[in-house]
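Here the structure comes first, spelled out in structure tokens, and everything after it is commentary.
The values are calculated or read from the model by the stated rules, or taken from the named source; none is laboratory data. Since we're looking at a predicted model, the values are computed, not measured. FYI the Cβ positions are ideal-geometry reconstructions off the backbone, even for glycines, and counts take in every protein chain you see.
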Amino acid sequence: MKVAIIGSGIVGLTLAHTLTEKNIEVTIFEKERDSLSHGTGRNSGVIHSGIYYQTNTLRSNLCIRGAKLMKKFIVDNNLYINNCGKLLLPKTKNDIETLKLLYERSKEVGVEAQKLNSIGEILRIEPNCNPLYNDALFIKDTAIADPKEVSNKLIEILKKRNVIINYGYKVDEISSENTSITIKGNINKFDFIINSAGLHADHLAKKANLETDYTSLPFKGKYWKINFSDKNEIPNRLIYPVPNLDYPFLGIHTVYDKAGNFYLGPSNTPVFGREAYKPFYKFNLLEFLNLSYKFILKIFFNENNLRNLAISEFKNLFLFNVRKSSNVYFKHNPSNIELSSKVGIRSQIFDKKSKKLFNDFVVIKQNNIIHILNAISPAWTSSFAMADFICEKYNLK
Ligand SMILES: Cc1cc2nc3c(=O)[nH]c(=O)nc-3n(C[C@H](O)[C@H](O)[C@H](O)COP(=O)(O)OP(=O)(O)OC[C@H]3O[C@@H](n4cnc5c(N)ncnc54)[C@H](O)[C@@H]3O)c2cc1C
């Protein structure tokens with residue numbers, strides 16, 4: 001069987017890894033010159049535990065299993081991993097109720113989490129934080145890895161398995177009638193096609209005439225770089241706020257990378273271009289008008305609380321608010337906080353029928369094409385499990 005994969009982000013690469021283990025012939029088409037230009041090269045690198053997501057959804061099941069598989073791949077290949085765990089610190093009394101719910105859920109899904117019940121217990125786990133309440137949740141299973149290292153290792157393995165990754169090849173058309181893709185007028189036929197084009201997966205699905213009730217809304221995530229005068233003042237654990245489970249995002253949290261950089265982020269504000277990492281980067285007037293129209297309507301009518309979400313996330317663009325909301329994370333005041341160049345964009349599906357942001361991964365089969373839509377966070381963590389799931393469900397062997 002000959003399979004074409006569109007997109008060489010983590011979802012495309014792990015799929016190619018799983019398919020080639022079954023001796024399936026794989027060709028990848030990637031419009032950029034590398035595999036790290038979009039979501040996979042611009043995320044926080046956190047291996048999530050999976051307790052945020054409603055149980056028995058794809059996001060919950062694939063994240064829990066995917067975290068184990070991602071860690072195994074990293075350890076087997078001697079790649080960077082920091083098993084630092086994650087501390088959830090409440091900022092309001094309401095957060096404490098959500099914390100209890102998450103703790104119960106962790107037991108239900110078998111994720112190791114420890115409920116902390118006093119400031120002393122919290123400071124023993126993380127001496128450099130500044131808890132406001134006696135309650136906190138420590139999730140031991142959460143870790144940080146280096147997405148660049150993981151992708152590069154996968155590419156190295158795939159090359160040894162004779163997978164051709166065609167960089168600089170943008171798929172213009174895709175047809176489910178004869179299972180073909182068109183690049184610069186050349187039609188290429190395959191037995192099976194997987195559309196894992198990240199931010200553009202829904203565009204390609206539309207070109208294949210897939211009918212859905214979905215429309216995509218991009219949100220931009222900026223990070224703040226934090227410096228401390230003494231390195232010993234930096235918290236060792238990842239510190240997160242307690243999430244608002246009605247919102248799709250996790251809130252501003254601490255982030256580390258392999259190089260030792262320390263950040264707060266990401267914010268999540270509506271953006272009027274799917275690749276608008278910089279103000280006029282790849283500016284497309286039609287896309288700008290289309291997205292402005294969609295966002296303005298949704299924010300005006302406050303569909304799925306989008307106005308409230310936009311207001312609360314907009315605050316995170318200002319240093320004053322970032323400093324204020326991160327008070328609880330740091331015992332010592334950072335010596336400097338500055339907006340960093342690290343930025344990512346996630347495209348979140350909006351279901352036109354229910355008028356809600358769709359909070360799960362979406363995998364749709366259309367004849368011999370599989371469309372992976374809404375590969376939102378934690379799709380990086382979940383990717384190996386997602387690849388297994390797709391191969392099993394659609395009998396790719
Ligand atoms: C700010 C931010 C922080 C995040 N933090 C985390 C985290 O800590 N942990 C976690 O698990 N997840 C996190 N995520 C989510 C995670 O990064 C994404 O879910 C994941 O990278 C999605 O991978 P992908 O392969 O679907 O998409 P991508 O990495 O975007 O890859 C898709 C590829 O398809 C290519 N492509 C698009 N159109 C075409 C075309 N027509 N022809 C050929 N190629 C095409 C693109 O160039 C791109 O390389 C975060 C995301 C963001 C934005």
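For the subset of the range 67-92 comprising residues that are in contact (Cβ under 8 Å) with a residue 40 or more places away in the chain and under 24 Å from Asn268 (Cα atoms), which member is surrounded by the fewest Cβ atoms within 10 Å (Cβ to Cβ)?
Checking each candidate, the answer is Lys91.
Note down all Cβ pairs under 8 Å where the first residue falls in the range 348-367 and is closer than 23 Å to Cys391 by Cα, the second is modelled with pLDDT under 85, and they're at least six residues apart or on different chains.
Pairs found: Asn359/Pro248.
Return only the number of the condition from (1) touching a Pro at 6+ places or on another chain (Cβ under 9 Å); (2) in a loop (DSSP other than H, G, I, E, B) that Lys353 does not satisfy.
It fails just one condition, (1).
For the condition over 30 Å from Thr20 (Cα atoms), more than 21 Å from the chain's Cα centre (by Cα) and buried (at least 18 other Cβ atoms within 10 Å of the Cβ), what is the one hit in Glu126, Glu104, Glu108?
Glu126
Return a yes/no flag: does the range 28-38 have any residue that is free of Cβ contacts under 8 Å to residues at least 40 places away in the same chain and within 14 Å of the ligand (Cβ to nearest atom).
Among the residues of the range 28-38, at least one is free of Cβ contacts under 8 Å to residues at least 40 places away in the same chain and within 14 Å of the ligand (Cβ to nearest atom), which makes the answer yes.
Is one or more of the residues making up the range 369-392 touching a helix residue (DSSP H, G or I) at 6+ places or on another chain (Cβ under 9 Å), in a loop (DSSP other than H, G, I, E, B) and surrounded by fewer than 20 Cβ atoms within 10 Å (Cβ to Cβ)? Even if it seems obvious, please write down each step before you answer.
Of all residues in the range 369-392, those touching a helix residue (DSSP H, G or I) at 6+ places or on another chain (Cβ under 9 Å) come to 369-391.
Narrowing further to those that are in a loop (DSSP other than H, G, I, E, B): 374-378.
Those left that are additionally surrounded by fewer than 20 Cβ atoms within 10 Å (Cβ to Cβ): none.
No: the range 369-392 contains no residue that is touching a helix residue (DSSP H, G or I) at 6+ places or on another chain (Cβ under 9 Å), in a loop (DSSP other than H, G, I, E, B) and surrounded by fewer than 20 Cβ atoms within 10 Å (Cβ to Cβ).
Restricting the search to the range 204-239, which residues are among the aromatic types (Phe, Trp, Tyr) and either at pLDDT 95 or above or more than 11 Å from the ligand (Cβ to nearest atom) (or both)?
Tyr214, Trp224, Phe228
Consider Ser347 carefully, then state whether it is among the small types (Gly, Ala, Ser), touching a Pro at 6+ places or on another chain (Cβ under 7 Å) and surrounded by 19 or more Cβ atoms within 10 Å (Cβ to Cβ).
yes
Select from the range 240-268 the residues that are surrounded by fewer than 17 Cβ atoms within 10 Å (Cβ to Cβ) and within 15 Å of the ligand (Cβ to nearest atom) and write down the one among them that is farthest from Val46 (Cα to Cα).
This residue is Asn261.
Tally time: how many residues in the range 1-15 are more than 8 Å from the ligand (Cβ to nearest atom) and more than 12 Å from Ala375 (Cβ to Cβ)?
Looking only at the range 1-15, we keep the residues that are more than 8 Å from the ligand (Cβ to nearest atom), and these are 1-5, 14-15.
Still in the running and more than 12 Å from Ala375 (Cβ to Cβ): 1-5.
So the count comes out to 5.
If the requirement is being at pLDDT below 95 and out of contact with any Pro (no Cβ under 6 Å at 6 or more places or on another chain), which of these qualifies: Thr92, Thr179?
Thr92
In the range 91-143, what residues are farther than 30 Å from Leu69 by Cβ and in contact with a Ser or Thr (Cβ under 8 Å, 6 or more places away or on another chain)?
Correct list: Lys91, Asn134.
Only one of Gly41, Gly66, Gly50 is touching a helix residue (DSSP H, G or I) at 6+ places or on another chain (Cβ under 7 Å), within 12 Å of the ligand (Cβ to nearest atom) and at positive phi. Can you tell me which?
Result of the check over Gly41, Gly66, Gly50: Gly50.
Take the residues of the range 26-51 that are among the β-branched types (Val, Ile, Thr) and assigned to a strand (DSSP E or B): which is farthest from Ala387 (Cα to Cα)?
Val46
I'd like to verify a number: residues in the range 367-397 that are more than 16 Å from the ligand (Cβ to nearest atom) and touching a Pro at 6+ places or on another chain (Cβ under 8 Å), how many?
Residues that pass the stated criteria total 0.
Within the range 171-203, which residues are closer than 20 Å to Lys2 by Cβ, touching a residue at least 40 places away in the same chain (Cβ under 8 Å) and within 15 Å of the ligand (Cβ to nearest atom)?
Scanning the range 171-203 gives Val171, Ile174, Ile181, Ile183, Asn188, Phe190, Ile193, Ile194, Asn195, Ser196, Ala197.
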